Amino acid sequence: MVIWPLPMTLRGYTLGDCLAEYLADENIKDWECFKCAHGEAVMKKTVVSWPRVFVICLQRFSNGEKNEAPLCFTEGWQSAEKEIEPDHEYLLQAAVTHLGEYKCSSNCCTWRRTVK
């Protein structure tokens, strides 16, 4: 399972946007390299191997507030990281949407693909 914080400032995000932001290089300050004593570092993240089943949980609560930003997704999704596994495409099987203001109460709406 991958948990991505959904950005609070931008609107109209897609799953690809969330992945790109999650995998973006992150500057780490006040970190000292024991070899060169350099005071900054860059953390790089990548997906080494895409899983057969990919579960995404978007973190919509921060400091007790719900992020109401819409997230666009389609039934079929392929990562923009094409150099890793270019033919790997995911087919949406289910979605759960939290309806309400609080993370500890209210209702959820679910959708799932019908098996034929």
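The numbers here are math on the coordinates, done by the rules we state, and not lab data. The structure displayed is predicted, hence computed values, not measured ones.
Could you give the length gained by full extension between Glu65 and Ile28, i.e. 0.36 nm per residue of separation minus their alpha carbon distance, to one decimal place? Before the final figure, lay out the partial values.
Details: separation 37, 0.36 × 37 = 13.32 nm, distance 2.66 nm.
Extra length available between Glu65 and Ile28 comes to 10.7 nm.
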## Note on the structure
Subtracting the Cα-Cα distance of Arg52 and Thr14 from 0.36 nm times their residue separation yields 11.6 nm
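Could you give the length gained by full extension between Leu92 and Arg113, i.e. 0.36 nm per residue of separation minus their alpha carbon distance, to one decimal place? Walk me through the numbers on the way to the answer.
Values: separation 21, 0.36 × 21 = 7.56 nm, distance 0.76 nm.
Stretched fully, the Leu92-Arg113 segment lengthens by 6.8 nm.
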